[in-house]
Amino acid sequence: MKNNIKIVRRIDDSTGCEYIFTTIKKKIDENKSFMPRIKLTNEVFSLSTSLIDYVKGKNIPYAINAGIFNTKTLEPECVLIIDNKIIYDRKETYIHVNPNDGDEKRDVLYTLGINKSGDFKMYKPCFSAKEILNDGCQDAVMGFVPLIIDYEEFKDGDDIVPYGSRIDKPRQIVGQLKNGDYYILTAKAPGLTFQTSRDLLKKLDVPFAYDLDGGSSTQTTFFDERLTPVYRDVTGRKIPTIMTYDDVIKSAPAV
């Protein structure tokens, strides 16, 4: 599986931001393919862990932080589906504990789904978890918004969405390439704005990009190696949801 993962560390010429651009070949061999999945770091949200603490000893090839959450209770927010089960489906206002983190409604954010073939699908705020599940997604999580759609910048709702969109922040951005392979763009501190993220993504020529939770929640691991700095606590911020690249889809045998 290591041969399917290519990690490149770069510095963006325009901003000077250091970032990691990882590509993961979806197809392992003729019979198996990689599949991203959404998981909880602990079923008891108050006991959620950092990413590196979760992956330790589990032999997970690649993992990143995933959805937004209440920073006081560590409960995931809004829409969350894991392994065909609806965990949350609500549109309440999400409020950060730290007043400097912002205080805004989350009913304008888009949901990222993962269907049974391991492909990403994007859903507008009006879609419920039940509708997303019925559309064939076995996992879904709410981060922020898409940044690139069909190779073009996506700016819908820029005047009201996302907290931190106009200031430099670490970012965790995911998507798929034209051939179906996955990529992850992890921008380290001081980070990027939404616009500088879009500018970089366009230079990287990606067809689709979705912005997951970021800031001090940004964490990336390659097996038991932490690829990102620790922004909070000893081993990293405690996060309830993560996206792992360790599950495998087995192709049906040829008839």
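Just a few scattered comments:
- Straight-line cross-link reach from Lys85 at under 19 Å between alpha-carbon atoms covers these lysines, not counting any fewer than eight positions away in the same chain: Lys39, Lys116, Lys121, Lys130.
- Of Phe194, Cys126, Phe223, farthest towards positive along the dipole that unit charges on Lys, Arg, Asp, Glu beta carbons give the range 106-245: Phe223
- Computed helical MRE - 222 nm, the chain, DSSP H runs ≥ 4 contributing -39500 (n - 2.57), nearest 500: -2000 deg cm²/dmol
- Computed FRET value (nearest 0.05) for Lys116 with Glu225, which takes r as the C-beta separation and R₀ as 25 Å: 0.25
- Fully extending the segment from Ile7 to Asp199, taken as 0.36 nm per residue of separation minus the present Cα-Cα distance, adds 67.1 nm.
- In Å, descending, principal axis extents of the Cα set of the chain: 59, 42, 38
- Kirkwood-type radius of the range 1-68, with distances r between different C-alpha atoms, in Å: 14.7 Å
- Mean Cα-pair separation over length for the range 30-87, i.e. relative contact order, pairs under 8 Å, 6 or more apart, %: 30 percent
- Hits among aspartates and glutamates - C-alpha to C-alpha of Lys155 under 20 Å, sequence gap 8 or more where chains match: Glu104, Asp107, Asp168, Asp199, Asp205, Asp211, Asp213
- One quarter of the convex hull surface built on the alpha carbon atoms of the range 113-246 amounts to 8.7 nm², the projected area averaged over directions.
- Point-charge dipole on Cβ atoms (K/R +1, D/E -1) for the chain, about Cα centre, debye to 20: 640 debye
- Under 20 Å of direct C-alpha separation, and excluding same-chain neighbours fewer than eight residues apart, Lys2 reaches these lysines: Lys25, Lys26, Lys27, Lys32, Lys56, Lys58, Lys250.
- Less than 5 angstrom separates the built amide H of Thr193 from those of Lys169, all sequence-distant by 5 or more or on a different chain.
- Annotation: per residue accessible area for the chain equals 46 Å², rounded to a whole number [probe 1.4 Å, protein chains only].
- Compared with the alpha-carbon gap, the fully stretched path from Ser46 to Ser251 is longer by 70.0 nm at 0.36 nm per residue.
- Carbon/sulfur fraction of accessible area - the chain, other protein chains in place, 1.4 Å, %: 49 percent
The values are calculated or read from the model by the stated rules, or taken from the named source; none is laboratory data. Only a predicted model underlies this, so the values are computations on that prediction, with no experimental measurement involved. Because the Cβ atoms are built from the backbone with ideal geometry, glycine has one as well, and the counts that use them run over all protein chains shown. Side chains are part of the model used for accessible areas, which takes the heavy atoms of the whole protein and leaves out ligands, DNA and RNA. Shrake-Rupley method; radii C 1.70, N 1.55, O 1.52, S 1.80 Å.
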